[in-house]
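Here's the structure, in structure tokens; my notes come after.
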Amino acid sequence: MARRSKLGQSQREAEARRFRQQCEFIVWGSKGKAPSVGISLPGSFRVSLVRGTKRVHAAQKTVKLISEVCRCTRHQENPKVLDPFAGSWTTLLAARRQGIQAVGVE
């Protein structure tokens with residue numbers, strides 16, 4: 001499990017809500033036994049939010065963030081990625097750019 005820090009929000013966004021989450025969690029798993037080498041995620045990712053006209057979904061993540069998570073599959077034979085909350089399809093785009101099969105459902 002990794003988390004995405006949301007501390008980069010603007011002061012106005014922070015003041016708009018008294019209580020807010022400071023991070024979002026990214027959960028991933030694999031079928032069968034995971035390889036003993038090569039898979040590691042940092043404890044936290046710090047990336048910018050998708051803003052303005054580039055944003056097509058309320059919970060949209062950046063391709064840069066999802067690409068880092070997809071790289072964890074690079075040691076698997078014939079890797080696949082499933083995104084059950086595809087929204088803006090960022091996960092599918094990031095996976096396809098790395099030659100990984102991807103399926104998304106929204």
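Any read-out appearing in this document is the output of simple, stated calculations on the displayed coordinates, not a laboratory observation. All figures in this text were calculated on a predicted structure; none of them were measured in a lab.
Kirkwood radius for region 67-106, taken over all pairs of different Cα atoms as the inverse mean of 1/r, rounds to 9.9 Å. Stretching the chain fully between Lys31 and Arg97 yields a gain of 21.5 nm (0.36 nm per residue, less the alpha carbon separation). Once the chain from Arg51 to Arg74 is taken as fully extended at 0.36 nm per residue, the excess over their C-alpha distance is 5.3 nm.
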